[in-house]
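Note sheet for the following structure.
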Amino acid sequence: MASSASGSAWYRSLKTATRSGLTVERATNQPLAALRGALGVAIALFGALALGGPAMATSAALGAQLAGMATFQRSYRPRPWLALATALALSVSTFVGYVVSPWHPLFLTVLAVWAFAAGMAWVAGQTAGILASMAVTVMIVAVTLPASVPEAAQHAGVIAAGGVIQALLVVLWPVDRWGAHREALAEACASMADYARRLRHDPFALFDPDPLMAAREAAMVTPGQARSRPSELAGVRSLVERLRPALAALADPRVGAAEEGRERDRARELLGAAAEILDAAARSIRSGEGAQVPERAYRALAIPDGGPVLHGIARHTALRLIGLLAEVTDALDSPVDDDQPRYLRRPGVRALLPLTVAAVKRHWTQRSPVMRHAVRVAVVVTLAEGLGLLLPFGHGYWAAMTVMMIMRPEFSQTYTRGVARLAGTVVGVGLASVVMVLAKPAPWVCGLLAVVAVGCAYLSMRAGYMALSALVSVYVVFLLSMDGLVVRYTAEERVGMTLLGGLLAFAAYAVWPTWQTVRLPDRLADYIDAAGRYAAAGLDAFGDPSPRNRRALRDALLDHRQARAALTATEASAEAEPVRERGLRPSQLADARAAVSAIGRTTMLIEAHVPAAEGESPGAAAFAAVVREQLAHAAQAVRVGAPVDITPVRDAFSRWSESEDGTPPEIIFDASILTEAVTGLQDALAS
């Protein structure tokens, strides 16, 4: 019975991965950017073809092509530096690979080390992992081209030159340079506008913080970027961040406008005006033009003719919301002070090195999915290359190249990309081979066809990995055909080696998997712990609303969002895995997530009311310490599967509320809601 259930789970997972891998989206990159990347490949290819011959042109084109692909990665770093870093990594990898290539055991050892390092590069993020995989892929291919060490140095040099050409083109021909940054900030504004609209009808509407996290990532720039950043991209994000507590506090009938009557109508009117202003801000950021706010939105913000409708804490929240909205429009219309630009600094190379070393140390354990991926990819790519050398077929490197391109730290990504890679390679190699057999084009014609193929690949990078794999396969076949490396072998051999690499990658993950499913309790525990620190930071801000505590509150909020994003990503990956033992029942996980979300929402209300607090709250710090400690204990209990007991939080609140220490009543009420949310978490984990 268990075996049947396991087989059914694998069937469902593989079916989902196959369907996802074969999906082609109707989406394209910026056409001018794709044309620019193809132009860079053309300059490198035909320049090297004229000066050094087909083999040299192949290396130059590979360097330019992958450096160009680096400029399309989802990174907010300057694109020229991405191209240069990729070219440097490709150049070094190629030269080292060729130097040891005459001795197959030594080459396989170096390849294993290089593949392991590329696998560990994922600790620095997706972009770093992809670029490191590219470097190993080119090393596998390019070592078949040179004939001597001096020629290998020349090939490494032209590979680097290809990257330099792409970097120069990005500088000389900027295409939508700030497009990704604009889109991230505009999406944050649009998401907040949608949130305001939903609050008009549902005072407890859920909020997705992912757009705000993306906007914060986009707001981190280098000093050079800060000097040239458009004014509409500076200053708005922090205001949008501060809007969320005000919107939620105004809509919540427990602490804001009354549930029915004139107050609720006034709150809906203000929320609708906020949505219109934020939508206008999103349009302004995308277009770079001034914010065109409808006049009715401004009229809605004015005090009604009959006088104020909202009173008490609700009126204070409304005034704060109106002030923040005015600051948003002012920030879009007023230029930033160029003498002292304010920005979040993106760490440079020097700052990244110690951070990367620390990340590697954290992942230097067998339980780390990145470490397991690094070991897995090192073993499999070495085995694939060794089989390619032993088998009496051409294009043995296609197996190892396939392994490097499809293997990822997660099951779903590996199998989805594997299916897409295999299908795309079959289609691409088949089409290109038919052209080569029937037309037998000259080397320069092959180069021209390769440039067209890479341009189409750049254009279709957002359409799905199958389309990209097919076009890249066409590109590689035409590129290697310039030196006669493809004509010697049949398409069946190239496709066969690709299938071998894919099957090895699939088998490796089945034999030694890294399941995200079993990490769900740890992710939930991190989320609970972060919620406890966020709630405690909000309470501390009552007792001492100093800049230090406000900064601690902001940092705790960011940690809370990161923990939520990590749990969401793990859940998404777990859904695609053929494993169902999670340590927590799905209902438990869903209820616990809802309870932790309620803790975060309540803390957001506390944050909205901090400026309204008057007088001291000596009991706030004591209650904050209990909340922080008890939720940390709850997180540890979730990790080890022990019962969760958070009753001390309720006891601490009772002592505080009965102490009559002069705490404002709205603060006590916020704390009572927080206590209910914490109790809900205990009930969810005990159910």
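Yes or no: the range 42-59 includes at least one residue that is part of a helix (DSSP H, G or I) and under 28 Å from residue 416 (Cα atoms).
Filtering the range 42-59 down to residues part of a helix (DSSP H, G or I) leaves 42-52, 54-59.
From what's left, under 28 Å from residue 416 (Cα atoms): none.
Checked against the condition, which is being part of a helix (DSSP H, G or I) and under 28 Å from residue 416 (Cα atoms), the range 42-59 yields no hits at all.
I'd like to verify a number: residues in the range 489-546 that are β-branched (Val, Ile, Thr) and over 30 Å from residue 630 (Cα atoms), how many? First the steps, then the outcome.
If we filter the range 489-546 for residues that are β-branched (Val, Ile, Thr), which is where we start, we get 490, 495, 498, 511, 514, 517-518, 528.
Filter once more, so that each one left must be over 30 Å from residue 630 (Cα atoms): 490, 495, 498, 511, 514.
Of the residues in the range 489-546, 5 are β-branched (Val, Ile, Thr) and over 30 Å from residue 630 (Cα atoms).
Which ones in the range 40-58 are within 26 Å of residue 427 (Cβ to Cβ) and either open to solvent by less than 20 Å² (accessible area, probe 1.4 Å) or at pLDDT 90 or above (or both)? Spell out how you get there, then give the answer.
The first filter runs over the range 40-58 and keeps only residues within 26 Å of residue 427 (Cβ to Cβ), leaving 40-42, 45, 54, 57-58.
40, 41, 42, 45, 57, 58 - these are the residues of the range 40-58 that are within 26 Å of residue 427 (Cβ to Cβ) and either open to solvent by less than 20 Å² (accessible area, probe 1.4 Å) or at pLDDT 90 or above (or both).
For residue 41, are the conditions met, namely being in contact (Cβ under 8 Å) with a residue 24 or more places away in the chain and within 28 Å of residue 343 (Cα to Cα)? Spell out how you get there, then give the answer.
Values: in contact (Cβ under 8 Å) with a residue 24 or more places away in the chain: yes; within 28 Å of residue 343 (Cα to Cα): no.
No: the conditions fail for residue 41.
I'd like the residue in the range 228-256 that is under 18 Å from residue 330 (Cβ atoms) and acidic (Asp, Glu) and, out of all such residues, is modelled with the highest pLDDT.
Here the residue is 241.
In this structure, is residue 73 in contact with a helix residue (DSSP H, G or I) (Cβ under 7 Å, 6 or more places away or on another chain) and in a loop (DSSP other than H, G, I, E, B)? Before the answer, list the steps.
On the way: in contact with a helix residue (DSSP H, G or I) (Cβ under 7 Å, 6 or more places away or on another chain): yes; in a loop (DSSP other than H, G, I, E, B): yes.
Judged against the criteria, residue 73 is a match.
Of all residues in the range 209-229, which are under 22 Å from residue 179 (Cβ atoms), not in a helix (DSSP H, G or I) and not β-branched (Val, Ile, Thr)?
Step one: of the range 209-229, the residues under 22 Å from residue 179 (Cβ atoms) are 210-229.
So of that shortlist, the ones also not in a helix (DSSP H, G or I) come out as 220-222, 229.
Scanning the range 209-229 gives 220, 229.
Look through 253, 294, 245 and report the one residue that is open to solvent by less than 10 Å² (accessible area, probe 1.4 Å) and either closer than 17 Å to residue 189 by Cβ or more than 24 Å from the chain's Cα centre (by Cα) (or both).
Values: 253 fails: open to solvent by less than 10 Å² (accessible area, probe 1.4 Å); 294 fails: open to solvent by less than 10 Å² (accessible area, probe 1.4 Å).
From the options 253, 294, 245, the qualifying one is 245.
Would you check if residue 113 is in a helix (DSSP H, G or I), out of contact with any strand residue (DSSP E or B) (no Cβ under 9 Å at 6 or more places or on another chain) and open to solvent by 20 Å² or more (accessible area, probe 1.4 Å)? Break it down stepwise before answering.
On the way: in a helix (DSSP H, G or I): yes; out of contact with any strand residue (DSSP E or B) (no Cβ under 9 Å at 6 or more places or on another chain): yes; open to solvent by 20 Å² or more (accessible area, probe 1.4 Å): yes.
Yes: the conditions hold for residue 113.
Just give me the residues in the range 155-179 being in a helix (DSSP H, G or I) and loosely packed, with under 15 Cβ neighbours inside 10 Å, in sequence order. Full working, then the answer.
The initial filter retains those residues of the range 155-179 that are in a helix (DSSP H, G or I), namely 155-172, 179.
171, 172, 179, listed by residue number.
For the range 567-590, how many residues meet the condition of being farther than 22 Å from residue 630 by Cα, open to solvent by 30 Å² or more (accessible area, probe 1.4 Å) and assigned to a helix (DSSP H, G or I)?
7
Every residue in the range 361-412 that is buried (at least 22 other Cβ atoms within 10 Å of the Cβ), outside any helix (DSSP H, G or I) and among the hydrophobic types (A, V, I, L, M, F, W, C), please.
407
If I filter the range 493-545 down to residues being modelled with pLDDT under 90 and of a type in the set (Ser, Thr, Tyr), which single residue comes out as nearest to residue 597 (Cα to Cα)?
It comes out as 517.
So, in the range 644-660, how many residues would count as being more than 18 Å from residue 533 (Cα to Cα) and surrounded by 15 or more Cβ atoms within 10 Å (Cβ to Cβ)? Steps first, answer last, please.
Restricting attention to the range 644-660, the residues satisfying the condition of being more than 18 Å from residue 533 (Cα to Cα) are 651, 654-660.
Then keep just the ones that are surrounded by 15 or more Cβ atoms within 10 Å (Cβ to Cβ); that gives 656-657.
Summing the residues that are more than 18 Å from residue 533 (Cα to Cα) and surrounded by 15 or more Cβ atoms within 10 Å (Cβ to Cβ) in the range 644-660 gives 2.
Which condition breaks for residue 484 when tested against (1) modelled with pLDDT of 85 or more; (2) open to solvent by 20 Å² or more (accessible area, probe 1.4 Å); (3) small (Gly, Ala, Ser)?
Residue 484 satisfies every listed condition except (1).
Any idea which of 263, 259 is open to solvent by 40 Å² or more (accessible area, probe 1.4 Å), more than 28 Å from residue 333 (Cα to Cα) and assigned to a helix (DSSP H, G or I)? If you could, list the steps in order and put the result at the bottom.
Numbers: 259 fails: assigned to a helix (DSSP H, G or I).
Sole residue among the options that is open to solvent by 40 Å² or more (accessible area, probe 1.4 Å), more than 28 Å from residue 333 (Cα to Cα) and assigned to a helix (DSSP H, G or I): 263.
I'd like the full set of residues that are open to solvent by 10 Å² or more (accessible area, probe 1.4 Å), hydrophobic (A, V, I, L, M, F, W, C) and within 14 Å of residue 282 (Cα to Cα), limited to the range 186-217.
190
The values are calculated or read from the model by the stated rules, or taken from the named source; none is laboratory data. Predicted model, so just to flag it, every value in this text is computed and none were measured. Counting neighbours? That spans all protein chains shown, and the Cβs are built from the backbone with ideal geometry, glycine included. Remember, those area values only see protein heavy atoms, side chains included, never the ligands or the DNA or RNA. Shrake-Rupley method; radii C 1.70, N 1.55, O 1.52, S 1.80 Å.
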